Amino acid sequence: MPIDMHSHYYGGLIEPLRKRTSRPNVSIDAQGREVLNAMTASTVVSADYTDVRSRLAYLDEAGIRTQLMTFPGALGIDAMQVHEVEIIIRDFNDRLAGICRASDGRLLGLAGLPLADMDKAATELRRARRDLGLLGAILPGNFFLTLERAKALRPLFAAGDEVGALFMIHPGLAPGELPPAQLPEPSLYRTSGLELQASISQMGITLMFSDLLDDFPNVAAQLVNLGGTLPFVVERLEAIGQSRTGRPFPRDRLRLLHYDCASLGPRALRLAIDVFGADRIMLGTDYPVLRPNPVLDTVATAEIDATQRELILHGSASALVSRLA
């Protein structure tokens, strides 16, 4: 049965966010509904965000056996000053681990880390792996927009190599960054679609050209959303390598990463398989922000063979989780 490797859990964070008056926070809209205001977007809070029974019921309906839940990195809490969030993050990780232990293997978890202090982040990662049984942690993608900024994560990757950890590279602010302005359409499509996907591609390029995954081989890195625009532009990257650098673009290093197919369609999935290989691609729903069924429909309708479909729905994720476990 399918394994969903990209979903988020918000339980334990709503209460502290109610006390804040600026992003990230929880506000009340004109209809009296709670609204979760992340650093880049706002959404009405439904039971799916916090209630585990609602989540499991929906997974049953969608036919998903196992789901990886993460600390919701897009909120930006993990990038805030440590004295503000250290206890909140630790308590969240404890809660998430308890839910996973009680789920009979249906739910897996990725921790949040207090990333404004790398030593404390590394300590919490070790605790999350050794004591809590979480698979690793979610990291804000803005750390990976340049090679220089990614170097700041070497102590964390060293800790991940020590304990064997999965890092999900997900769009999010790095410490010290301010949230962007909220924009109406069509700017919403530019920022949440075009610019976001392009930025994910930059994250992938940073990882493949850095030495992080070479120096720390016990770390697995998952890049969300099929690696952004990488599958579409890889041929241009190869042309640039041939014509301007005198060296071939190291396309094979894209296979150092794992990818999920959250929020993309069947044509994008087909192209990503051609570039990365189906054994590096996993199902991702971005639940509860997106619902699982459209993503399952993507895998079902893509022009791929039965072996590739099985790898994406189950095989690739199963191999990765088994390696970490």
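State whether the residues of region 301-310 include one that is under 14 Å from Leu223 (Cβ atoms) and either assigned to a helix (DSSP H, G or I) or in contact with a His (Cβ under 7 Å, 6 or more places away or on another chain) (or both). Before the answer, list the steps.
So the first thing to find is which residues in region 301-310 are under 14 Å from Leu223 (Cβ atoms), and the list is none.
The answer is no; no qualifying residue exists.
Out of all the residues in region 283-308, which are surrounded by fewer than 19 Cβ atoms within 10 Å (Cβ to Cβ) and either free of Cβ contacts under 8 Å to residues at least 24 places away in the same chain or under 13 Å from Gly63 (Cα atoms) (or both)?
Scanning region 283-308 gives Arg291, Asn293, Pro294, Leu296, Asp297, Ala300, Asp305, Ala306.
Within region 174-188, is there a residue that is assigned to a helix (DSSP H, G or I) and at pLDDT below 95? Before you say what the answer is, go through the steps one by one.
Here is the first cut: in region 174-188, the ones assigned to a helix (DSSP H, G or I) are 187-188.
Adding the requirement that they be at pLDDT below 95 leaves 187-188.
Yes, because at least one residue in region 174-188 is assigned to a helix (DSSP H, G or I) and at pLDDT below 95.
Could you check region 80-114 and list, in sequence order, the residues that are among the β-branched types (Val, Ile, Thr) and under 20 Å from Leu139 (Cβ atoms)? Don't jump to the end; show me each part of the working.
Filtering region 80-114 down to residues among the β-branched types (Val, Ile, Thr) leaves 82, 85, 87-89, 99.
Listed by number, the residues that qualify are Val82, Val85, Ile88, Ile89.
Across region 15-43, which residue is surrounded by the most Cβ atoms within 10 Å (Cβ to Cβ) among those that are of a type in the set (Asp, Glu) and over 23 Å from Pro140 (Cα atoms)?
Glu34
Identify all residues within region 97-124 that are more than 16 Å from the chain's Cα centre (by Cα), in contact (Cβ under 8 Å) with a residue 40 or more places away in the chain and closer than 20 Å to Gly172 by Cβ; write none if there are none. Steps first, answer last, please.
As a first pass, look at region 97-124 and keep what is more than 16 Å from the chain's Cα centre (by Cα): 97-106, 114, 116-124.
Add one more test, that the residue is in contact (Cβ under 8 Å) with a residue 40 or more places away in the chain, and what stays is 99, 103, 106, 116.
Correct list: Ala116 only.
Only strands (runs of 3 or more DSSP E) wholly contained in region 66-146 count here; list those with 2 or more residues that are farther than 21 Å from Ser322 by Cβ.
Numbers: elements: 66-70, 107-111, 136-140.
Here the list reads 136-140.
Residues in region 246-265: is at least one free of Cβ contacts under 8 Å to residues at least 12 places away in the same chain, assigned to a helix (DSSP H, G or I) and charged (D, E, K, R)?
Looking through region 246-265, at least one residue is free of Cβ contacts under 8 Å to residues at least 12 places away in the same chain, assigned to a helix (DSSP H, G or I) and charged (D, E, K, R).
If you check every pair at least six apart or on different chains, which have Cβ atoms under 6 Å apart with a residue in region 66-94 that is surrounded by fewer than 19 Cβ atoms within 10 Å (Cβ to Cβ) first and a residue that is at pLDDT 95 or above and assigned to a loop (DSSP other than H, G, I, E, B) second?
Pairs found: Gln81/Ala116; Val82/Pro114; Val82/Ala116; Val82/Asp117; Glu86/Pro114.
For Ile169, indicate whether it is among the β-branched types (Val, Ile, Thr) and either closer than 20 Å to His8 by Cβ or in contact with a Lys or Arg (Cβ under 8 Å, 6 or more places away or on another chain) (or both).
Values: among the β-branched types (Val, Ile, Thr): yes; either closer than 20 Å to His8 by Cβ or in contact with a Lys or Arg (Cβ under 8 Å, 6 or more places away or on another chain) (or both): yes.
In short, yes.
The values are calculated or read from the model by the stated rules, or taken from the named source; none is laboratory data. Remember, it's a predicted structure, so these values are computed and weren't measured experimentally. No Cβ is skipped: glycine too gets one built from the backbone with ideal geometry, and neighbour counts run over all protein chains shown.
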